[in-house]
Amino acid sequence: MGRFPLGDKMTDLKSLEQQDKKLTREEHIVNYLKALNTIEQAIEPYREHKLALKKHYAENSFLTREDQSKLLRAYRMAQKGEELEDFEEFINVIKTKLKVGV
């Protein structure tokens, strides 16, 4: 079972489910926001690191910002097992009917 941050501590899913049945909606809202805040605080150093990496690659002309963006989209598509052909129909409709990117 997964573990979720709740305030300053980690709580396993089973104890969270048991606790959930006894809480009011307002308590659920507070707990959700506490858990979300804990996660966001933990992620922040990585977010800053990611921005520094992007800046480094752009400033040193290794990859432009546009290259980085396209590369990340391609990487995420590959992770999901998607193929470019899966989007071809949609791209054609957008270009021909909406005249976007023409």
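For the reader, a short list of remarks on this structure follows.
- Matching option when the condition is in a loop (DSSP other than H, G, I, E, B) and at negative phi, among Glu83, Glu48, Glu40, Glu66: Glu83
- Filter result for Ser15 (at pLDDT below 90 and either under 21 Å from the mean Cα position of the chain (by Cα) or among the small types (Gly, Ala, Ser) (or both)): yes
- Qualifying positions in segment 51-64 - surrounded by 11 or more Cβ atoms within 10 Å (Cβ to Cβ) and within 19 Å of the chain's Cα centre (by Cα): Leu53, Lys54
The values are calculated or read from the model by the stated rules, or taken from the named source; none is laboratory data. As the structure is a computational prediction, the values presented were derived from the model and not from experiment. Don't worry about glycine lacking a Cβ; one is built from the backbone with ideal geometry, like all the others, and counts go over all protein chains shown.
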